[in-house]
Every structure is written in C-alpha cells, then in structure tokens.
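Scroll down for the structure; my scribbles are underneath it.
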Amino acid sequence: MADENQPPEEEENGQAPEERADQDDQMDPDKLAEEVGQEADDPELADEWAAAMEEAGETGDDESDSAEEGAERAPLEELKDDSVGRADGTSPDLEVILDIPVTISMEVGRTNIAIRNLLQLNQGSVIELDRLAGEPLDVLVNGTLIAHGEVVMVNEKFGIRLTDVVSQQERISRLNN
C-alpha cells in the first residue's frame, strides 16, 4: 500500500504519469520505436506504416469528395469602387488624417558656424545667412519643404504669400534623400 505523504509516482525520466501522457502526443517515431524495443528503420515496420498512411489517405480523399458534393456556392456581393471622391472633394481614406496637427515653419536662411563662434554670440551679434535679401523663404511642414513664399504684413502680424508650391514628385524625392 502506498504512503499518502509520498509524492506521486514518477517514471524513469523523473516525470509524473500525467506529464508523460501530455508529451506522448509530441514524441517522434524514433523515440517511440526505441521504447517499444524496435528500431525505426525496420523494413517490416516501415511497410506497415506506409500501408496505414495509404489507407488513411484514401479515406480522407473520399470524405473531402463527399463534402464538396454537398457544398453550395455562396453568392458574392458586387465590389464597389470607393476611390471616387465625395462632393466636398475629399476621399474617404483622406478623412482619417484631416484633423492631425502639423507644424509649419518659414526658413529665412541657414549658415554653419563653429561652436567657438556660437559661444561668443551675444545681444546685437549679426549672423550672415546663405540667402540674399529679397529671396523667397522656404515653407516647411514638419521639416519637409513644400513651398516658397514672400513675407507680408497682415493686421500688424507677419504672414507669407506662397509664390511657388513644390510638386508632389519633388517632395517624395526629397524624402528619399
């Protein structure tokens, strides 16, 4: 009689019978053959396996053929072209992004200076830029050039009048560089 305080019976490999049963489904044929005391490359065993596989394959084909005979074709709905724009000129896909905020900035010009010169800058210092006076400004959206324009005054505030909008192809090519 087994003692109730003893741990559950364990097999030779240190696993409980329940764990062993779970792993039996995942065992490969070589290990299974070794446990039974046969070698996996036994010709008679291989012939038996081949016959069993053929038999299983034949019954599987019959079942699938009978399933196809009783099946009906489901009617398909006609596909609609959703690419046509709406009356307000927006496509349905574009509506998703219309409320995303972007940052628009105007760039007068650029320059490169050494950190030594940067540290010497103070109030009243003049920095020379790479553009001439009167040249159009760059209009950037999230850092990407989309247009050029000139400065105007609107109700005592600065504004910009767009003079040239960069083509979509040029914008894409600039993103790749």
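The values are calculated or read from the model by the stated rules, or taken from the named source; none is laboratory data. Remember, predicted model here, so these are calculated numbers, not experimental data. Every residue, glycine as well, gets a Cβ built from its backbone with ideal geometry; the counts of neighbours run over all protein chains shown.
Structural remarks
- Within region 154-171, residues that are touching a residue at least 40 places away in the same chain (Cβ under 8 Å) and of a type in the set (A, V, I, L, M, F, W, C) have Cβ atoms under 8 Å from residues that are exposed (fewer than 12 other Cβ atoms within 10 Å of the Cβ) and part of a strand (DSSP E or B) in these pairs: Ile160/Val152, counting only partners at least 6 apart in sequence or on another chain.
- Within region 133-153, being under 45 Å from the mean Cα position of the chain (by Cα) and aliphatic (A, V, I, L, M) holds for Leu137, Val139, Leu140, Val141, Leu145, Ile146, Ala147, Val151, Val152.
Quick grid of which residues meet (1) modelled with pLDDT under 90; (2) in the same structural domain as Gly159 (by TED's automatic domain parsing); (3) in a helix (DSSP H, G or I):
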| position | (1), (2), (3) |
| --- | --- |
| Glu58 | yes, no, yes |
| Arg73 | yes, no, no |
| Asp82 | yes, no, no |
| Ala87 | yes, no, no |
| Asn112 | no, yes, no |
| Ser125 | no, yes, no |
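- Asn117 passes every criterion in (1) surrounded by fewer than 10 Cβ atoms within 10 Å (Cβ to Cβ); (2) at pLDDT 85 or above; (3) in a helix (DSSP H, G or I) apart from (1).
- Tabulated pairs, region 113-142, first over 25 Å from Phe158 (Cα atoms), second surrounded by 10 or more Cβ atoms within 10 Å (Cβ to Cβ), C-beta under 8 angstrom, 6+ apart or interchain: Ile113/Ile127; Leu121/Ile127
- Within region 127-153, the set of residues being in a loop (DSSP other than H, G, I, E, B) and not charged (D, E, K, R) comprises Ile127, Leu129, Leu132, Ala133, Gly134, Pro136, Asn142, Gly143.
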